[in-house]
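The values are calculated or read from the model by the stated rules, or taken from the named source; none is laboratory data. The shown structure was predicted, so the numbers you read here are calculated from the model rather than taken from an experiment. Positions of Cβ are generated from backbone atoms using ideal geometry, with glycine treated the same way; all protein chains shown enter the neighbour counts. Note: accessible area is taken over every heavy atom of the protein model, side chains too, but ligands, DNA and RNA are not part of it. Shrake-Rupley method; radii C 1.70, N 1.55, O 1.52, S 1.80 Å.
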Amino acid sequence: MYLMRLSADELHALQLRDGLVPALEAAEVEQGRAGETSAGEKRAWRHSLPAVARDLRDAGLGAVDMMIEYALPGRKGPADVILAGVHPATHAPSYVVAELKQWRGVTAAPDRAGRFVVANQTGKPKRHPAEQTADFCRALIRSHAALMGSEACLAGLTYLHNAADSDVTDLLRYPRTGLSHLFTRDSRGALIRFLRERLTAAPGRPAAELFAAGPVHARLAGLDPQGRLQWHGDGFRLASDPVAAQRFVLDSVRAAYTAQDKSVLVVTGTTAAHGSRLVGSAENTLNHAGYATRVLSGPCTATFPVCDVLFCEEPWLRSVDAPPGPGRGPDRLSPLLEKMIKVARVPVFVLADDLTAPEDTGDFGVLIRQAAGALRVPDKCIRLDREFR
């Protein structure tokens, strides 16, 4: 639920009267959230929220609704603001999750890949702020009825309104997705164009009311015949329910992606044919949700793409091990497995129960666990032949 909801025009008028921060503090007390907001977050109320309202008004979008400090049950930290309005192409409700940062300088952490050091701030290196926004968007897709089957109506952005491009070069180099756009004060014109592509001048109140009334407590299942995300609930037997199996794998991938520490997923309890179909569907779903996802298929290669999620099926591992000659078996596969684990945030190996372990190589699951252990990365087994309730 949001802390306060008002249009960009209304927020601008409230700020002119120096009433924005007092109004938000009063809303905190009324909702029992007093004391939860840090001094830095209140500075964002005073400076960052008016900056977004200004840009909306300059884009001719002053009637768009702004849901401030939108919190999801069970998730740490709210979204700074969710913009609600009407999509200019579809005329359907359209939403933009905005993470607002007052950072003035950011550099890549020298000893932690994917982490960044913010100038004049202490503590651990931080995740890329666009990742934070994309994660929140994915949580919304899983939990809101207004987004079911209509994920294209949601976008995410991070706005560093105090920083020039040259101040955050390392952030700009980082890969991004449709859920993780990044703008600075130098790209304010691009931000205004982006907002106009997602929202119209129509009042955003109806879209905001639909969104606020629509949380559901369901879990992501899979794809319907039209390729849209499905939702369902209770118990299921994974071995006999392909949709439930995909749902379980997708949930596991998302959990691994958002976890602080990296892990390797090993999927078992399926056939080679069923595993291939599951991987294909999961790849489409994850790419659609904004994850850079790759599947190893086709000719053998020792070059692997850097990505969010990397799927590797057992038949591909067998093709790598198939050519005769020196180095066959564990001596050939172990270095490749370590490379795969290194390049992906979430490496996923899908093993088939209907294939006999090669004599020279032995059990692929054992080799994967050994490769993960050599890199000090924990592994998690996802058994699709188990029954879950």
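The table below gives the values:
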{"item": "Which numbered condition residue 133 fails, given (1) part of a strand (DSSP E or B); (2) of a type in the set (Ser, Thr, Tyr); (3) closer than 26 Å to residue 344 by Cα", "result": "(1)"}
{"item": "Tally of residues being open to solvent by less than 10 Å² (accessible area, probe 1.4 Å) and not in a loop (DSSP other than H, G, I, E, B) across region 61-84", "result": "10"}
{"item": "Pairs with Cβ under 6 Å, 6+ apart, first in region 118-137 and farther than 14 Å from residue 78 by Cα, second assigned to a helix (DSSP H, G or I) and open to solvent by 70 Å² or more (accessible area, probe 1.4 Å)", "result": "none"}
{"item": "Subset of region 3-46 [modelled with pLDDT of 90 or more, open to solvent by 60 Å² or more (accessible area, probe 1.4 Å) and of a type in the set (Lys, Arg)]", "result": "17"}
{"item": "Any chance residue 293 is open to solvent by less than 10 Å² (accessible area, probe 1.4 Å) and either under 21 Å from residue 336 (Cβ atoms) or at pLDDT 85 or above (or both)", "result": "yes"}
{"item": "Selected residue (only one of 92, 108, 26 is out of contact with any helix residue (DSSP H, G or I) (no Cβ under 7 Å at 6 or more places or on another chain) and of a type in the set (A, V, I, L, M, F, W, C))", "result": "26"}
{"item": "The listed residue being in contact with a Ser or Thr (Cβ under 7 Å, 6 or more places away or on another chain), closer than 29 Å to residue 342 by Cα and of a type in the set (A, V, I, L, M, F, W, C), out of 109, 119, 134", "result": "134"}
{"item": "Test: residue in region 166-173 that is more than 21 Å from residue 290 (Cα to Cα), under 22 Å from the mean Cα position of the chain (by Cα) and open to solvent by less than 30 Å² (accessible area, probe 1.4 Å)", "result": "yes"}
{"item": "Scan of region 177-203 for residues that are within 24 Å of residue 135 (Cα to Cα) and either over 23 Å from the mean Cα position of the chain (by Cα) or in a helix (DSSP H, G or I) (or both), ordered by number", "result": "185, 187, 188, 190, 191, 192, 193, 194, 195, 196, 197, 198"}
{"item": "First in region 161-172 and free of Cβ contacts under 8 Å to residues at least 40 places away in the same chain, second anywhere and part of a helix (DSSP H, G or I) and open to solvent by less than 50 Å² (accessible area, probe 1.4 Å), Cβ under 8 Å, 6 or more apart", "result": "165/187"}
{"item": "Any hit, region 327-350, residues being in a loop (DSSP other than H, G, I, E, B), farther than 15 Å from residue 275 by Cα, modelled with pLDDT under 75 and not small (Gly, Ala, Ser)", "result": "yes"}
{"item": "Residue match in region 146-163 (condition: open to solvent by less than 10 Å² (accessible area, probe 1.4 Å), under 17 Å from residue 48 (Cβ atoms), modelled with pLDDT of 85 or more and part of a helix (DSSP H, G or I))", "result": "no"}
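Here's the yes/no breakdown for (1) more than 20 Å from the chain's Cα centre (by Cα); (2) of a type in the set (A, V, I, L, M):
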site: 91; (1), (2): yes, no
site: 97; (1), (2): no, yes
site: 100; (1), (2): no, yes
site: 106; (1), (2): yes, yes
site: 121; (1), (2): yes, no
site: 131; (1), (2): no, no
site: 140; (1), (2): no, yes
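Conditions (1) closer than 16 Å to residue 135 by Cβ; (2) modelled with pLDDT of 75 or more; (3) among the basic types (Lys, Arg); (4) surrounded by fewer than 19 Cβ atoms within 10 Å (Cβ to Cβ), marked per residue:
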| position | (1), (2), (3), (4) |
| --- | --- |
| 226 | no, no, no, yes |
| 229 | no, no, no, no |
| 238 | no, no, no, no |
| 245 | no, no, no, no |
| 249 | no, yes, no, no |
| 266 | no, yes, no, no |
| 272 | no, yes, no, yes |
| 277 | no, yes, yes, yes |
| 283 | no, yes, no, yes |
